[in-house]
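Everything on this sheet refers to the single structure shown next.
What follows is calculated from the coordinates using simple rules that are stated; it is not laboratory data. Just so it is clear, the structure is predicted and the values come from calculations on it, not from any experiment. Ideal geometry is used to build each Cβ from the backbone, glycine not excepted, and the neighbour counts take in all protein chains shown.
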């Protein structure tokens, strides 16, 4: 069985300019959404309280809001998730309640209203902790980016590092843009997914870059565009199968993982799909733009004799 | 060409045995158990105690499935949670005075496995249910508290030295000691500098006369902060012990934070209450000279006094000045007084004993009030008349309390007060049913993801697909084995990382298989195609995994809580997947196909372009 039967190389780079412009537009749109709508930061980053409670039978949300209002809590978000018996309550940081007291007040009020209520999960994060988590997240993003550029620069050449990281940051931007546009909750686990995508989708670029290097050796007469087109075409099958496999697992998480893993899996899905696109249609055109030359890699070849193919 | 030396096969076999051995305990499940551990250091854990516990259970006809003595305590296994609860209640009533009786779960894996260190993975709070708190110590509060103590001590020593002063006042973060004349100030300066080495004294002139400004020295300040944190951790530990939690985690994070994790605790309100409790003792004098009736009638006590009602008794006026506080207590035990009434026997430290001796000597015939301060609510437990000077630092508090109350008071006094106020700045509570649900979710995601990937790969790559899938299973086996042996905490994001590892680890095998197909397409003979396929794929596999590893390490170093759990599994998963996809799958290929002539590589049908590329 074989999915891909290409008689000749697909001229990917012919569309390179078009795809770069498209990516630029997508990136600008993403930045626009992030700037205008902002990310819907979860309680991990903003501070506040999230409570998950369950009832024996379906429950009226208006009634819960009423109970909360009686306690002087009017700015709570109350919504169902999963089934109509399960309710998610979000509360912003309140200064009149110290520490974890707020959740106790809420659960006691709910118990008086309906004794079948059960507390499933509480997350309280103080505002100072939220700020730290956000800073650490940004630091991690920076560290990963620099680490990847450095690694690619050593292993290939700086132009590859730049092309690789541009493509990957483009993926991150798209994920963030989607989360801003749909106002999906951006939590600590989503941040983990974003960073995992950064590490994961650079794989794709690495595989193609490896082929490009090999083709520089093998196809001595070919020009840069052909070298790249051939590299992408040759790795096409692997690209689709690998990402397909990962996506199968991510879909399984999306369907079975529950609400904690839902947005995590969603971020990974966007990351994987755009990861394929950006490795093919962003990283490689940037390589051409940066004017990568056979000598850039062959020079390194001499230093790394053990890499020579028999 | 495609042959492995024996030692490579041995490494693969050894890793398989290792993976199996350490993965297995996870499948035996856990059974409810009770853990009995001493409440105080010094109580010995020995076989006598084990026998006693067994006898107690036998006496109440409670069946148990085994018991063992471990350094941490005695563990008794039960068939179900009902029996466990019953046993807990009986043991609590019988020996609860000296021992912590905690509910626990014990792995069901055979003894010989546990002895080899093969234990199930340590489940995080989001999987087993429980509470996680992060508390921040209020260092400003700690400073304020110690300034109060200094001010009382300075007042006392000035009185002892008979140096006349016009009072000690708080002024921001320093103390102002007022004097009427310069001689007194000079004398005080010399004497105080001798007695209070942690204070820096400076002469100042304030609005109404002469003064000495006392500031806590910076080095004393940092020492005090460290001490406050240590003291708070000790206090928290004592209190958590009272809650009866089997494996609590209490640890310092950063300079002023403490993490408390209580697995399996369901009553979070009680946990918060006990953690935040500040029970301490105050000894003050009763004011019998002022007009009590007038104060009761008007509700306005005279200046410098407070109105209290003695437990189960009459109202009384108590002076505001605190003579002795609970932080001088070294021990508190429940017991009985001479009249066989429940009482608490309190032992004071040297300093406290001296203060108490002085105060009883100077106030013979007067009444003192013993106040229990709990959550900023003061209650006069008893207000006895001082009959004689009491030395030796042993105080007995008795006054209309039940023996249960005496026990509670003793526990709280012993557990101590917090050196500085603490605030909960992060809480994560997961109910036990949600925890179990999370395990199912994580497990199912991994299982169905794995099955789908395995089916696809086997159909696509045929025999080589089966080998890839076997390598993937080995990868999973090694990863879980590694997580079990490291006893790393497995969280829901960690389970997501296991699932993700399945999806990502197959990449290496896809790379290899595609390369082999390429080689065949280019006309290489079967054995050479396999060899070249593996050989060329390795560089790419390493490159792509190292970049993911960089991301994993960054996540681990900057992440916290759930993200860290994800990162640990991700990093370990990368290591095991490189090993299993490169070494294990190669080993299998070599074993099955290496020693014979191959007409064709069993890697599925390969389509060849009609026209050659070049």
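The table that follows gives values for the structure above.
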item: Residue with peak Gaussian network fluctuation, chain A [Cα springs, cutoff 10 Å], from A:63, A:79, A:247; result: A:63
item: FRET efficiency, 1/(1 + (r/R0)^6) with R0 35 Å, evaluated for residue B:274 and residue A:85 via beta carbons; result: 0.65
item: Relative contact order (percent, whole number), chain A, Cα cutoff 8 Å, 6+ residue spacing; result: 26
item: Förster radius 25 Å - calculated FRET efficiency between residue A:109 and residue A:75, Cβ distance, rounded to 0.05; result: 0.95
item: Sorted by Cβ neighbour density within 10 Å, fewest at the top, the residues B:48, B:518; result: B:48, B:518
item: Proxy reagent accessibility, fewest Cβ within 10 Å first, across A:253, A:119, B:583; result: B:583, A:119, A:253
item: Shape of chain B, Cα gyration tensor, a/c cut at 1.5; result: prolate
item: Cβ-derived FRET efficiency at R0 56 Å, residue B:116 paired with residue B:166, nearest 0.05; result: 0.15
item: C-alpha long axis of helix A:61-70 to longest principal axis of chain A, angle in °; result: 60
item: Residue B:362-residue B:62 pseudo-label distance in nm [points 7 Å out on the Cα-to-Cβ vector]; result: 5.3
item: Relative contact order of chain B, pairs being alpha-carbon contacts under 8 Å that are 6 or more residues apart, as %; result: 17
item: Rough spin-label spacing in nm, given labels placed 7 Å along Cα→Cβ, for residue B:396 and residue B:249; result: 4.7
item: The protein assembly as shown, helix-only ellipticity at 222 nm - DSSP H runs n ≥ 4, -39,500 (n - 2.57), divided by all residues, nearest 500; result: -18500 deg cm²/dmol
item: Label-zone membership for segment B:510-551, site residue B:597, 7 angstrom Cα→C-beta point, backbone N under 15 Å; result: B:525-528
item: Exposure proxy ranking, count of Cβ atoms within 10 Å, fewest first, for A:218, B:357; result: A:218, B:357
item: In range of the label at residue A:66: residues from segment A:103-140 whose backbone nitrogen is under 17 Å from the point 7 Å along Cα→Cβ; result: A:109-117
item: Extended-chain gain in nm, criterion 0.36 nm per residue less alpha-carbon gap, residue B:340 and residue B:70; result: 93.4 nm
item: Helix B:350-362 vs. chain B, principal-axis angle (Cα, 0 to 90°, nearest 10); result: 20
item: Gain in span if fully extended, residue A:288 to residue A:240, counting 0.36 nm per residue against the direct Cα distance; result: 14.9 nm
item: Rel. contact order, % - alpha carbon contacts under 8 angstrom, at least six apart, segment B:143-218; result: 26
item: Computed label-point distance, nm, for sites residue B:195 and residue B:108 using a 7 Å Cα→Cβ extension; result: 6.7
